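Enquirer: Just dropping this structure here.
The values are calculated or read from the model by the stated rules, or taken from the named source; none is laboratory data. Every value quoted in this text rests on a predicted model; they were computed, and no experiment measured them. Note: ideal-geometry Cβ built from the backbone for every residue, glycine included; neighbour counts use all protein chains shown.
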Amino acid sequence: MALTPAQVRLMDDQAHAARTMWNCLHDWWTMLPKEKRSLAAADAAIREARKEIDWLGVLPAQASQAVLKAYFQAWKNCWDGRADAPNFKARFRSVMSVDIPQGRDLNITRVHRRWGMVNVPKIGRVRFRWTKDLPVGKHASAENRVTGARMVKDALGWHVAFRVQTFEPKPEPHQGPEVGIDVGVTVPLALSDKNHQDHRRPARTEDGKADRDKWLTTDEKAKLLRLEQRAAHRKSFRKPGQKTSNRLRATYDQIAGLRARAKRRATDWQHRTTTELARTYGVIVVEQLDITNMTKSARGTVEEPGKNVAQKSGLNRSISQEAWGRTVTMLTYKSARLGGILHKVPAPGTSQRCSMCGFITPGSRESQAVFVCKNEDCGWSGNADHNASRNVLHLYRMGLALIPAAGRAVARRARRVKPATAR
């Protein structure tokens, strides 16, 4: 969004008001007895707060209702076991956002090929970069229209995301081939048919350390280094308890902008790659990984200190940068949209087992990239990630695909139902 400095201040005020509205609603909800909690009572409390607290009035009434709706949905997700209970939103740890729940207030128009205009309540007309076609004007209909928008702020500024309601017919079953995918650090996505997907970004620097800035160019890396050195120098003059100076804060903002640009490039590569895979393959098989346990620190305790702590922290950083969970999420909904399906198989043993003979022989995994089967009757050798992807696909063909969480719940309910006795 191309906002003026005055519009940026107004958007920031609305975002802080929305966050405060959430926190006030959370305190009111948790302190109130359970028998008095209701949607009508919460709505009345929000209306009263907007009358008594002046600066909450900068948030449009519809955006306040959107905060209430999001809060109730958060509790519903908690009760259904899909998320944790909603909690307090801290100022520096929360994403600044404002929701516009009604699409008729937006009045979207297209200026030319690259830019459009949108009406933001209490802000005015704002230009935004037109990156995707929207059903506006003569292209809009009852089944294909914009139903709302959400403004989100990151280190690069304010962005707008439109919610679009479309009518999509049920896709035909995808007739593409089956493929097994093994996620890794050296090779991000290794496929069983050797069609490996690599972003051509080195996972480690020349000294062997994990490259946390691999999505930046050489000039951007040099600029980032200068900014970090400048920030460290300016921070050395700050006394304990003293507020951060404007210069140091500006330097931090520049560093955050480069980090956000790198994250955006990584996400763009994931979207492009997963879209191509969903279009090519009808059945995609991945491992069921517990990424949280895989990225735990190896520091240990004072009584039992860990080993290779620095190496493990570098590996954890590399795993987090690849965002394996986000890749699987993208593949799941994109495959379903195109008529395909994604399956998950158990992860233990896929990287140590030989995909040719099926045996697990000690010492076969010679390195991170090479697999040589030590079985005397086999002796197959190849890329370790390719070997793991073949094992992943083989587990699916053997019928060892895991049942999704929703399917397990249905199966448990079906087992609890007793069969009717014949009379």
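Enquirer: May I ask you to say which residue of Ala336, Ala388 is assigned to a helix (DSSP H, G or I), surrounded by fewer than 20 Cβ atoms within 10 Å (Cβ to Cβ), assigned by TED's automatic domain parsing to the domain that holds Ala278 and not aromatic (Phe, Trp, Tyr)?
Expert: Answer to the selection: Ala336.
Enquirer: Between Arg299, Arg279, Arg326, which is touching a Ser or Thr at 6+ places or on another chain (Cβ under 9 Å), surrounded by fewer than 15 Cβ atoms within 10 Å (Cβ to Cβ), charged (D, E, K, R) and closer than 30 Å to Pro177 by Cα?
Expert: Matching residue, one of Arg299, Arg279, Arg326: Arg326.
Enquirer: I'm trying to understand the selection: among the residues of segment 110-125, which are closer than 22 Å to Ala6 by Cβ and of a type outside the set (D, E, K, R)?
Expert: If the condition is that a residue be closer than 22 Å to Ala6 by Cβ and of a type outside the set (D, E, K, R), then Val111, Trp115, Gly116, Met117, Val118, Asn119, Val120, Pro121, Ile123, Gly124 are the ones that fit.
Enquirer: Scan segment 277-296 residue by residue and report those that are in a helix (DSSP H, G or I) and in contact (Cβ under 8 Å) with a residue 40 or more places away in the chain.
Expert: Within segment 277-296, Leu277, Ala278, Arg279, Thr280 qualify.
Enquirer: Determine if segment 21-32 includes at least one residue that is closer than 30 Å to Arg114 by Cα and at pLDDT 90 or above. Working first, answer last.
Expert: Residues of segment 21-32 that are closer than 30 Å to Arg114 by Cα, as a first pass: none.
Within segment 21-32, not a single residue is closer than 30 Å to Arg114 by Cα and at pLDDT 90 or above.
Enquirer: Pairs, please: C-beta under 8 Å, at least 6 apart or cross-chain, first residue in the same structural domain as Ala66 (by TED's automatic domain parsing) and in segment 135-157, second part of a loop (DSSP other than H, G, I, E, B) and hydroxyl-bearing (Ser, Thr, Tyr)?
Expert: Listed by first residue and then by second, the contacts come to Pro135/Ser141; Pro135/Thr166; Glu143/Thr166; Asn144/Thr166.
Enquirer: Another question about this same structure. Anything in segment 391-405 that is at pLDDT 85 or above and either of a type in the set (A, V, I, L, M, F, W, C) or surrounded by 17 or more Cβ atoms within 10 Å (Cβ to Cβ) (or both)? List them, or say none.
Expert: Asn391, Val392, Leu393, His394, Leu395, Tyr396, Met398
Enquirer: Please identify the pairs in which a residue from segment 245-268 that is within 12 Å of Lys214 (Cα to Cα) has its Cβ atom under 7 Å from the Cβ atom of a residue that is acidic (Asp, Glu) and surrounded by 16 or more Cβ atoms within 10 Å (Cβ to Cβ), counting only partners at least 6 apart or on another chain.
Expert: Filtered contacts from segment 245-268: Ala262/Asp213.
Enquirer: Please specify each residue of segment 145-162 satisfying the condition of being part of a loop (DSSP other than H, G, I, E, B) and exposed (fewer than 15 other Cβ atoms within 10 Å of the Cβ). Lay out the reasoning, then the answer.
Expert: Step one: filter segment 145-162 for residues part of a loop (DSSP other than H, G, I, E, B), giving 155-156.
Hit for segment 145-162 is Leu156, nothing else.
Enquirer: Restricting attention to segment 355-375, does a residue exist that is in contact with a Lys or Arg (Cβ under 6 Å, 6 or more places away or on another chain) and touching a residue at least 24 places away in the same chain (Cβ under 8 Å)?
Expert: Within segment 355-375, one or more residues are in contact with a Lys or Arg (Cβ under 6 Å, 6 or more places away or on another chain) and touching a residue at least 24 places away in the same chain (Cβ under 8 Å).
Enquirer: Which members of segment 22-50 meet the condition of being closer than 23 Å to Phe162 by Cβ and of a type outside the set (Phe, Trp, Tyr)?
Expert: None - no residue of segment 22-50 is closer than 23 Å to Phe162 by Cβ and of a type outside the set (Phe, Trp, Tyr), so the list stays empty.
Enquirer: Tell me which residues, restricted to segment 259-291, are under 19 Å from the mean Cα position of the chain (by Cα) and of a type in the set (A, V, I, L, M).
Expert: Selection gives Ala260, Ala262, Ala266, Leu277, Ala278, Val286, Leu289, Ile291.
Enquirer: Just the residues that are under 15 Å from Ala49 (Cβ atoms) and exposed (fewer than 15 other Cβ atoms within 10 Å of the Cβ), please, taken from segment 17-35. Step through it out loud before you land on a result.
Expert: First pass over segment 17-35, keeping only residues under 15 Å from Ala49 (Cβ atoms): 17-29, 31-32.
Residues satisfying the conditions are Asp27, Met31, Leu32.
Enquirer: Another question, if that's okay. Does Ala45 satisfy the criteria of being assigned to a helix (DSSP H, G or I), at pLDDT 90 or above and small (Gly, Ala, Ser)?
Expert: Criteria not met by Ala45.
Enquirer: Does segment 316-331 contain at least one residue that is under 28 Å from Asp213 (Cβ atoms), more than 20 Å from the chain's Cα centre (by Cα) and modelled with pLDDT under 85?
Expert: Taking every residue of segment 316-331 in turn, none turns out to be under 28 Å from Asp213 (Cβ atoms), more than 20 Å from the chain's Cα centre (by Cα) and modelled with pLDDT under 85.
Enquirer: All but one of (1) over 20 Å from Ile181 (Cα atoms); (2) out of contact with any Gly (no Cβ under 7 Å at 6 or more places or on another chain) hold for Leu338; which doesn't?
Expert: Answer for Leu338: the failing condition is (1).
Enquirer: Restricting to segment 43-87, what's the tally of residues that are more than 18 Å from Ile100 (Cβ to Cβ), without any contact (Cβ under 8 Å) to a residue 40 or more places away in the chain and more than 27 Å from the chain's Cα centre (by Cα)?
Expert: Final tally of qualifying residues: 10.
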